[in-house]
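Taking it in order: structure first as structure tokens, then the write-up.
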Amino acid sequence: MLEKFNVVRARFHIEKERILVLQGWKYGMGPKDRLKAALDGQELSWEMKTYDGMEVRQRYMVYDLGIEEECYLYLTLPESLDGKNELTLWVIEKSGEGLESAEHLVYHEKVSKLQKMQKEMDFFLEQVILEKDQCYLKGWAASALPVSVILKGSGGKVLESQVTWHERRDVNQIYREVEKLPYSGFEAVFPHHGLSGVSMEVDNGERKSVIKVPVASTFFFENMLGNSYMGKGMRFLQRHGWKKFLIRTNQAVKQKFSPQGDYEAYRKAAAPSKEELEKQRREEFAEDLLFSVVVPLYKTPLKYLEKLVASVQQQTYGNWELCLSDGSGADSPLEEYLEKLEKREKRVKVIRSLKPLKISENTNQALLAAAGDFIVFADHDDLLTEDALYECRKALQKKPETEMIYSDEDKISMNGNRYFQPHFKSDYNPDLLCSMNYFCHLVVVKRSLLERTGMLNSEFDGAQDYDFVLRCSEQTDQIYHIPKVLYHWRAHENSTAENPESKGYAFEAGKRAIQAHYDRLQIPAEVQMGEYPGLYRTFYHWKEQPLISILIPNKDHTEDLDQCIQSIEKRSTYRNYEYIIIENNSELPETFAYYKKLEAENEKARVIYWKGTFNYSAINNFGAEAARGEYLLLLNNDTEMINPECLWELLAPCMREEVGVVGARLYYEDHTIQHAGVVIGFGGIAGHAFLGFDGEANGYFSRIICAQNYSAVTAACMMTKKSVYQQAGGLTEDLVVAFNDIDYCMKVQELGKLIVYNPYAQLYHYESKSRGLEDSPEKQERYYKEMKYFVTKWKKFMDQGDPYYNPNLTLSKADFSLKQI
């Protein structure tokens, strides 16, 4: 449960033993609320300091609440705690004129534990690594005084060890009461004898802590269980204890059987309250736009039609009309109900037909009767949320140029008791729209757009809505996505909502709709069915075969480089390419012998020599200058092409005028996902989508296996037009190692170009999964400098949120699961 003040860490001041430090964050704490700290009821004095910045944002990312400020509460304790029992911290809520209305306990601790904490040093053992007869330890200790580390074996015998210290910027960010902790990170090496009974003492002369070093269990987990699930689980248990182990296990089980978590609880928490709905009903807009809700009926079960009509009547925005076209034929079972409805509700129009109508012509009859400024499409047995039309009107007030709106949606059970499978969608994503009809419901179009686009086309019955939105997208780019569930799609047993295989003709119509879309745009493409019903794959048939310059930076590691090149040579069906190997300060003689042999044997290969210090951006820019190709492929030397069509799958979408960059699906060596697009905001900055997923997984609404647009892709394998590369200024050389590829993609977007992720270009990327953090002082400093550069440059974009993600989904994990609320 969230409190108005949430304590996440309790510790003592590094230099002052009477100061207890409570670190945490506020949530909805008003200006009249206050904190009260007490020791056995005796109020204590305290001081609060607040901090913000990217490090804070990252630290609290796990809460999914956009926390950007953390609080440090410094409590002054009495000189002696003897005879005291408990410390408490309360939030006092006030209501007008100083009246205290409620007290909420937000933190409490036994004094006996506080006294123990006073004598102990804050330190953490992060890693225990065994190599042959050596044991390597890595961790940190927070102290303003010099610290000694002593390792003892069984019987208390002091072990010979080597301990080195370095700065840990992440530790500095926690212990803010001192200006700097220059030597907080430690690494220790010692010979492990007997594999048991090893302890570690950390002492600064005033405070001391002792722990057991789990050498024997580490040996067992690493060597006997390895990277099995049991091994990983046992290592987590070893490092974090039973409580956190059981919490993690419970979370994993929930995730396994309910990837979207507890959606019902989320839905209720996110839904507007009764008070908010009443406020919406009272709100007045400058222009009273009329919404025409058009619904084709065909022998609709009355109980479902009544529910739909009621959901429209309950709208908090009142200026609507409901146009019901009954295509059931002369003996319609709905006639009696519709007659009564027309008399009872003046905003309802009923259009009758003497003959049965198919879906498109039935909907078109309702469209002809509609008088609204905007047209709202709905099915005869689904439901609109109460605020659906209000949210549409609010969107139009925010962006009056909007001509087309779509929203998020979920499914509702036949009995109306269960809501499930929420689809939290991307903003307008043209490549995803050619992979699936992700618009679906709710769709709203401006009358003038309808007039330009035309009515529904019966040639595409079964996917008439898909054809319609594709045609609309050709007529306007003023398309707005409302990231809220405004529509409940009733999941019939035989509907495409719940059983997609029940309507094969609909998916065939969908394929033809996309093909017609490409034909109208004069894009030489062929559409085929995707891996599952309702998914589609595009094959491009460009006549041109432009030269691709493959830029591969390399320093030694010729085995990796040769594997990368040979995978292309032996597998690629596309042959018009050149290699630009960018030599970067190699040291081994055999590396240069390999280069000489490569150039002699492969006429496509050229080696150029970078003389400067390592700078990934500058190295690739140097390679781009030497490139002869019209297209550049930035490629890591530790990649291996998997499928023969890989180069073409990267090149073909990149040849579209509106596309600037194309990225691939990358796998780790064990065939788990290393890259399937980049989401801005993951982990506080940016991260790979679906990282670590099984290589055969589909991902959230099949997003691993569908071509689509993202804000960025990784430069481990990234195709781009050379002209775009030059126009964007190449990779930003201020970003030596980190974020340069993401920054490049952002610059390309600013040029009005799309970034495409194509899952049908597949490679292995042998980057180590456990490469570790940037933990040397130099690497840390560089990383933070580049992180600050990136965040400062793209702050506005990051604050708005990644348009190809969804604000209802978490940023603390890469699995597209629900955020906490």
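The values are calculated or read from the model by the stated rules, or taken from the named source; none is laboratory data. Here the structure is a predicted model, which means the values were calculated and not measured. Note that each Cβ is placed from the backbone with ideal geometry, even for glycine, and that neighbours are counted across all protein chains shown. Only protein heavy atoms, including side chains, enter the accessible area calculation; ligands, DNA and RNA are left aside. Shrake-Rupley method; radii C 1.70, N 1.55, O 1.52, S 1.80 Å.
A few points about this structure:
- Given R0 = 41 Å, the distance between the Cβ atoms of residue 69 and residue 528 translates into a calculated FRET efficiency of 0.20.
- Partner lysines whose Cα lies under 22 Å from the Cα of residue 721, excluding those fewer than 8 positions away in the same chain, are identified as 543, 604, 747, 753.
- Across all Cα atoms of the range 324-367, the radius of gyration (one decimal) and Dmax (whole number) stand at 10.3, 28 Å.
- For the range 289-348, the average shadow cast by the Cα convex hull is 3.9 nm², which is a quarter of the hull's surface.
- In the range 403-529, a dipole from Cβ-located charges (positive for Lys and Arg, negative for Asp and Glu) runs towards its positive end, and of 456, 445, 429 it is 445 whose Cα lies farthest in that direction.
- Accessible surface computed residue by residue for the chain, with neighbouring protein chains in place and a 1.4 Å probe, gives 47 Å² per residue.
- The range 104-145: C-alpha pair distances exceeding 17 Å, %: 59 percent
- Dipole of the chain [Lys/Arg +1, Asp/Glu -1 at C-beta], most positive-end residue of 602, 540, 507: 507
- Summed over qualifying helices (DSSP H, 4 residues or more, each -39500 (n - 2.57)) and divided by its residue number, the chain shows a 222 nm mean residue ellipticity of -9000 deg cm²/dmol.
- The range 81-154: proportion of alpha-carbon pairs further apart than 15 angstrom, %: 75 percent
- Global dimensions of the range 434-488 from alpha-carbon coordinates: Rg and Dmax equal 11.5, 32 Å.
- Descending semi-axes in Å of the range 527-584, equivalent ellipsoid built from Cα gyration tensor: 32, 16, 10
- Each Lys or Arg adds one and each Asp or Glu takes one away; over the other residues whose Cβ falls under 14 Å from the Cβ of residue 280, this sums to -1.
- Measuring between alpha carbons in the structure, the pairs from 555/793; 425/813; 26/813; 299/343; 274/795; 425/446 lying more than 25 angstrom apart are 555/793; 274/795.
- Once the Cβ-Cβ distance of residue 265 and residue 76 is raised to the sixth power relative to R0 = 30 Å, the FRET efficiency obtained is 0.15.
- Expressed as a whole percent, the accessible surface of the chain that belongs to carbon and sulfur atoms is 50, based on a 1.4 Å probe.
- Computed log₁₀ I(q)/I(0) - Debye formula, equal Cα scatterers, no solvent, the range 470-605, q 0.17 Å⁻¹: -0.99
- Relative contact order of the chain, defined on C-alpha pairs under 8 angstrom at six or more residues apart (%): 9 percent
- Protection proxy ranking of 152-163, 106-117 - average other beta-carbon atoms within 10 Å, highest first: 106-117, 152-163
- Cα-centre dipole for the chain with unit charges at Cβ (Lys and Arg positive, Asp and Glu negative), debye to 20: 1100 debye
- Over the range 714-817, the reciprocal of the mean inverse Cα-Cα separation, the Kirkwood hydrodynamic radius, stands at 15.9 Å.
- Rounded if a/c under 1.5, otherwise prolate or oblate - the range 388-529, Cα gyration tensor axes: oblate
- Volume per residue of the convex hull around the Cα atoms, evaluated for the range 313-423, comes out as 137 Å³.
- Descending semi-axes in Å of the chain, equivalent ellipsoid built from Cα gyration tensor: 52, 41, 23
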